[in-house]
């Protein structure tokens, strides 16, 4: 479950502006890029999955689910009435290369396992809040590793759950009932707003969204998700939005007078949509990553405009077959 947070640094009135940056975190790593030759988002020379797949598909003109309005109403009636907001200042990507040692991950619970070791070294970043997310991009093999409730002490690495993906291939959904660093089993990194996105002038991928707790399905999901937070639904509708649902912001939603950062987010929501990926306590959160140097470059005043977005401003893109968490 997402721990709620807001921008933690002061910004100028106009906010940070795009500028060239260098990769940090691992000596000899390739420079960070914003887009690959295929036009998809890229990081450290690795494509973030493939064109037109899960996170990279343009959904601006896709048909809506026949029950879109009812799903939106069920969330609102269950208590999803707060605006959206940018969760900034606490997530950061670790960059590994061929020289980074790989550590086996000790599972913190018996029902989750980690079949492959993770590139890891002292000093790698773990989110300091209760979710304790960790993300590692291995630039040498273009592989992405993510963990939840991550601990590193005395040379030992452990986590509650996690996943890894080959970034050069289409996004591969996890087996039913398996979470990733998020309850849904989706990729935290792939759906995160990264500073490199802003520097490139556009977000070219779908976003992850953590909905207000108890306003989505307890056990239902659709692909590309694989699991849920398993929190009871507090509404009265028989329709409960499943994890993995993709929502699209109304095309006529106006950003007149908004700053460039919030406007960029809105454009991505209209073009690529947002995935129901997790839940939080009291707000509808969007995940933002720190800059590669660890600083929080995001403009709090600019991104505050996202609070004007409500669940009623979205439609549900046509859903795939309904699935349930195994055993439920």
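Values quoted throughout were computed directly from the atomic coordinates according to the rules given, and no laboratory measurement underlies them. Nothing here was measured: the structure is a model prediction, and the numbers come from that model. With ideal geometry, Cβ positions are generated from the backbone for all residues, glycine too; neighbour counts draw on all protein chains shown.
Overall size of the stretch 207-272 from C-alpha positions, given as principal axis extents largest first: 39, 25, 17 Å.
If you wrap the stretch 44-102 in the convex hull of its Cα atoms and look at it from every side, the mean projected area works out to 8.0 nm². Evaluated at q = 0.12 Å⁻¹, a Debye calculation over the C-alpha positions of the stretch 218-328 (equal weights, vacuum) places log10 I(q)/I(0) at -0.52. Kindly state, to the nearest 0.05, the FRET efficiency for residue 61 paired with residue 81, given R0 = 41 Å and r defined as their beta-carbon distance. The value I calculate is 0.90. Distance from the alpha carbon centroid of the stretch 94-122 to that of the stretch 299-328 works out to 31 angstrom. Look at 142, 46 and count the other Cβ atoms within 10 Å of each Cβ; fewest to most, that gives 142, 46.
Here the Debye sum runs over all C-alpha atoms of the chain as equal scatterers in vacuum, and log10 of I(q)/I(0) at q = 0.10 Å⁻¹ comes out as -0.53. Cβ crowding within 10 Å, taken as a proxy for footprinting-reagent exposure, orders 237, 42 from fewest neighbours to most as 237, 42. The stretch 158-231 and the stretch 271-296 have Cα centres separated by 10 Å.
With only the Cα atoms considered, the stretch 128-260 has a convex hull volume of 171 Å³ per residue.
FRET efficiency for the residue 98 to residue 172 pair, using the beta carbon distance and R₀ = 35 Å, is estimated at 0.90. Only helical runs count toward this figure. For the chain, summing -39,500 (n - 2.57) over DSSP H runs of n ≥ 4 and dividing by all residues gives -2500 deg cm²/dmol at 222 nm. The antiparallel fraction among DSSP beta bridges confined to the chain stands at about 60%.
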